[in-house]
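To start, the structure itself, in structure tokens.
The values are calculated or read from the model by the stated rules, or taken from the named source; none is laboratory data. Remember, it's a predicted structure, so these values are computed and weren't measured experimentally. Positions of Cβ are generated from backbone atoms using ideal geometry, with glycine treated the same way; all protein chains shown enter the neighbour counts.
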Amino acid sequence: MLFCCLAFIIASNANAAKQLPVPRFAAIKFNEVNARTGPASDCPIEWVFVKKGEPVEIVAEYGHWRKIRDIASEGGWVHSSVLSGKRSVVVTAKGTSPLLEGIAEYKKIVVYLEQNIRCVLQKCKKDWCKIDCKSHKGWISRKALWGVYPDEHP
């Protein structure tokens with residue numbers, strides 16, 4: 001009995017150490033993911049995500065369930081297994097945004113990105129984020145993106 005109690009305490013402490021902050025960003029892992037009205041598989045489907053890699057914000061947790069929302073604030077509860085830690089972002093700046101070779105506004109422009117394009121997030125340094133958009137890689141102003149917090153360093 002004592003062994004079981006100790007094992008539970010040790011497991012609880014290990015799980016507590018693994019807890020990630022809420023809110024945080026993640027991405028949809030599959031091409032079709034059902035978001036439900038509550039944190040259980042028997043709750044009605046509220047929304048269906050249909051694109052793998054779509055960035056979402058985790059706003060609450062309940063066991064293995066995550067309450068998520070997308071850039072349009074659509075979402076619901078999904079099982080943690082349908083989310084990926086591989087981050088993606090949405091270019092939100094109006095018009096076009098320059099994707100640069102390096103960190104600084106005077107660097108060579110690789111390509112101009114249209115609003116609402118989805119890209120893979122590589123990393124961020126200060127006010128700049130390195131992203132991968134289809135066949136183009138480069139740096140973009142953090143302010144032009146949804147899917148990364150102002151003070152975050154992924």
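Below, the figures for the structure above:
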{"quantity": "Residue pairs meeting the criteria (Cβ under 8 Å; at least 6 apart or on separate chains; first β-branched (Val, Ile, Thr), in region 75-95; second crowded, with 22+ Cβ neighbours inside 10 Å and outside any strand (DSSP E or B))", "calculated": "VAL89/GLY147; VAL90/GLY147"}
{"quantity": "Flag if ILE109 is outside the structural domain of ALA35 (by TED's automatic domain parsing), out of contact with any Ser or Thr (no Cβ under 8 Å at 6 or more places or on another chain) and either over 13 Å from ALA26 (Cα atoms) or not hydrophobic (A, V, I, L, M, F, W, C) (or both)", "calculated": "yes"}
{"quantity": "Residue among ILE58, ILE71, ILE131 that is under 18 Å from GLY147 (Cα atoms), among the β-branched types (Val, Ile, Thr) and in a loop (DSSP other than H, G, I, E, B)", "calculated": "ILE71"}
{"quantity": "Residue in region 56-74 that is at pLDDT below 95 and either crowded, with 16+ Cβ neighbours inside 10 Å or within 18 Å of the chain's Cα centre (by Cα) (or both) present", "calculated": "no"}
{"quantity": "Flag if PRO21 is assigned to a loop (DSSP other than H, G, I, E, B) and under 22 Å from ARG142 (Cα atoms)", "calculated": "yes"}
{"quantity": "Count - residues of region 119-145 that are of a type outside the set (A, V, I, L, M, F, W, C), under 19 Å from ARG24 (Cβ atoms) and in contact with an Asp or Glu (Cβ under 9 Å, 6 or more places away or on another chain)", "calculated": "2"}
{"quantity": "Search result, residues across region 137-154 that are over 14 Å from the mean Cα position of the chain (by Cα) and surrounded by 13 or more Cβ atoms within 10 Å (Cβ to Cβ)", "calculated": "LYS137, GLY138, TRP139, ILE140, SER141, ARG142, ALA144"}
{"quantity": "Filter pass, PHE25 being at pLDDT 95 or above and either touching a helix residue (DSSP H, G or I) at 6+ places or on another chain (Cβ under 7 Å) or aromatic (Phe, Trp, Tyr) (or both)", "calculated": "yes"}
{"quantity": "Members of region 101-118 found to be part of a loop (DSSP other than H, G, I, E, B) and either in contact with an Asp or Glu (Cβ under 6 Å, 6 or more places away or on another chain) or over 21 Å from PRO55 (Cα atoms) (or both), listed by number", "calculated": "GLU101, GLY102, ILE103, ALA104, GLU105, TYR106, LYS107, LYS108"}
{"quantity": "Filtered residues of region 81-129 (kept if crowded, with 20+ Cβ neighbours inside 10 Å and over 25 Å from ALA35 (Cβ atoms))", "calculated": "SER97, LEU99, LEU100, LEU113, CYS124, TRP128, CYS129"}
